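Just below is one structure, and these are the notes that go with it.
The values are calculated or read from the model by the stated rules, or taken from the named source; none is laboratory data. Keep in mind that this is a model prediction, so the values were computed, not measured. As a convention, Cβ positions derive from the backbone with ideal geometry for all residues, glycine included, and neighbour counts pool all protein chains shown. Ligands, DNA and RNA are stripped out before the accessible areas are found, and what is left, the full protein with its side chains, is counted by its heavy atoms. Shrake-Rupley method; radii C 1.70, N 1.55, O 1.52, S 1.80 Å.
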Amino acid sequence: MRHLSASLLALPVIAFAVSTAVAQRGPAPDPLVKENATVKLAAHTYVIPDGNVSLVPNVGIIVGSRATLVIDPGLGRRNGDTILREVAKVSKNTELYIASTHFHAEHTTGYIAFPPAAKYVNSTVQEAEFEQGGMQMVQMFSGRSPATAEILKDAARRPAAITFDRTYTLDLGGVRVQFMVVGPTHTKGDTGFFVEGDNVLFAGDVVMNNSFLAATAVSSMTAWLAAFDTFEALKPQTIVPAHGEVGPGTIIAANRSIMLGVQTRAKALKTEGRTADDTAKAVQAEFQAQHPEWPRANGLAAAARAAYAEAQ
């Protein structure tokens, strides 16, 4: 142990992001959660880092005196099994809960490996998103490689045992986790998880570290900026994004700066009479030039379109 959505309209955008990343980096490694890689972040909070592997999330494990919560259970049964083995190394609890930062397949479908008694806790909006587009995404990801298809061969929707609207608090015994829906951002149902006392925030794709934000066709710039406010008010010391490096609480401000810049530039170009298409292209080019090494640059165009649509 070391110490330390989108709707169906958004699926083509996600596919473009995946194909672009593969083209930039060459053939991607198999999307497998690493075994024996769990890191302790705080008294009750652990993460299995994604290793910067596509279709692998940063997996959260929060251990209370009575129950354990797993956040983002990975892609398919094989990864779910790996996560359960990692959970067993840090928790002896038999009471298990599962949650997802959003409905995409690598953040959900590993739950089929979990025992029937494990309770999946999910928002009503995420439940609807998976029902509408989750299996279509599974099919899309299965086409990436034979290995991915094998991992997802028996993927299926697992209906939530507990549903909520916008907020929920889960008491694991000695530690509580706040659930909060902040979308439409990356997806309509983007959900953050704040571990009280440990001051760790699992932010999904809403806050990233040294990366552009993966806006999609369902994104709202207004909602995204409000999400930053919601998260910042919690005063997190550590932020675990959906993908990429764990960071300090200050990365919220860095993300806000980028999105405010996109919003300001999109509004200015709209005022000049530029079309939404021209604005999206210009904004992506300008901001990508500022951080050419950052991934997910295609999200800038969708963010610019959201800001353009909302500009008065």
Among the residues of the range 159-172, are any open to solvent by 10 Å² or more (accessible area, probe 1.4 Å), farther than 17 Å from Thr101 by Cα, over 16 Å from the mean Cα position of the chain (by Cα) and at pLDDT 95 or above? yes
Taking the stated definitions as given, is Val240 open to solvent by less than 30 Å² (accessible area, probe 1.4 Å) and β-branched (Val, Ile, Thr)? yes
Within the bounds of the range 186-195, is there any residue that is among the polar types (S, T, N, Q) and open to solvent by 20 Å² or more (accessible area, probe 1.4 Å)? no
Which one of the conditions (1) within 17 Å of Gly80 (Cα to Cα); (2) part of a loop (DSSP other than H, G, I, E, B); (3) open to solvent by less than 40 Å² (accessible area, probe 1.4 Å) does Val138 fail to meet, given that it meets all the rest? (2)
Only one of Pro295, Pro248 is under 21 Å from the mean Cα position of the chain (by Cα) and surrounded by 20 or more Cβ atoms within 10 Å (Cβ to Cβ); which? Pro295
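If you go through the range 86-120 one residue at a time, how many are assigned to a strand (DSSP E or B) and open to solvent by less than 30 Å² (accessible area, probe 1.4 Å)? Lay out the reasoning, then the answer.
Pass one, the range 86-120, residues assigned to a strand (DSSP E or B): 95-99, 119-120.
Okay, now just the ones that are also open to solvent by less than 30 Å² (accessible area, probe 1.4 Å), so 96-99, 120.
The total comes to 5.
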All but one of (1) at pLDDT below 95; (2) in contact with a Lys or Arg (Cβ under 9 Å, 6 or more places away or on another chain) hold for Phe16; which doesn't? (2)
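Out of Ser65, Ser142, I need the residue that is modelled with pLDDT of 95 or more and under 28 Å from Thr216 (Cβ atoms). Which one?
On the way: Ser65 fails: under 28 Å from Thr216 (Cβ atoms).
Going through Ser65, Ser142 in turn, the sole match is Ser142.
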